[in-house]
Amino acid sequence: MAIPRTEAIACLKVLVALAKADGHIHADELRSLSAAFTGFAVEDAPPFLSLLDEEVDIAAEAAKIVSDAGREQVYRSAYFLAYADGECSEQEAAILETIAAATMPSAEQRDSLDRVFATTAKKRRYETLFDAIGSLFRRGS
């Protein structure tokens, strides 16, 4: 379901602000932002790079997202973006809570996303642990 242009632009601004939250934008976050720009398919959207330089009032932009589809889409997209680089920083978590306060995701939506990313984070921790152990053995030989 398409969302109104003003909401789509607000969604994009919120996502860009989230990506910048920890001080730098990782390659995975750039890919996620690019997908969001494509997914929202906004005619005459502000150029992607111009949004990177813009200061965004996250709460004000999130408040512009009033349709059910827009609120669900921005929260889900923000959640995926916050974990795009493998971890959700404290700054990103705070912004996610600001977005949640404005978009009011259901407990079911939040739990579903939490389960997906808790499993992914746990898997990545194990992969990192196994990689570290493997490198110790490679160094010793």
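Quick note: the coordinates plus some simple rules give every number you see, no bench work behind them. Small disclaimer: the values here were computed from a predicted structure and weren't measured. Cβ atoms come from the backbone with ideal geometry, glycine included; neighbour counts cover every protein chain shown.
Here is how the numbers come out for the structure above:
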read-out: Filter result (under 23 Å from residue 86 (Cβ atoms) and surrounded by 14 or more Cβ atoms within 10 Å (Cβ to Cβ)) within region 13-25; value: 14, 15, 16, 17, 18, 19, 20, 21, 22, 25
read-out: Residue 59 vs. criteria among the hydrophobic types (A, V, I, L, M, F, W, C), closer than 25 Å to residue 114 by Cβ and in a helix (DSSP H, G or I); value: yes
read-out: Residue in region 70-84 that is farther than 19 Å from residue 110 by Cα and either in a loop (DSSP other than H, G, I, E, B) or among the aliphatic types (A, V, I, L, M) (or both) present; value: no
read-out: Qualifying position, being touching a Cys at 6+ places or on another chain (Cβ under 9 Å) and under 26 Å from residue 117 (Cα atoms), among 70, 39; value: 70
read-out: Hits in region 1-48 (condition: farther than 18 Å from residue 61 by Cα, in a helix (DSSP H, G or I) and of a type in the set (A, V, I, L, M)); value: 27, 30, 35
read-out: Which listed residue, of 29, 54, 43, 72, is under 14 Å from the mean Cα position of the chain (by Cα) and surrounded by fewer than 19 Cβ atoms within 10 Å (Cβ to Cβ); value: 72
read-out: Sole residue being touching a residue at least 40 places away in the same chain (Cβ under 8 Å) and touching a helix residue (DSSP H, G or I) at 6+ places or on another chain (Cβ under 6 Å), chosen from 65, 25; value: 65
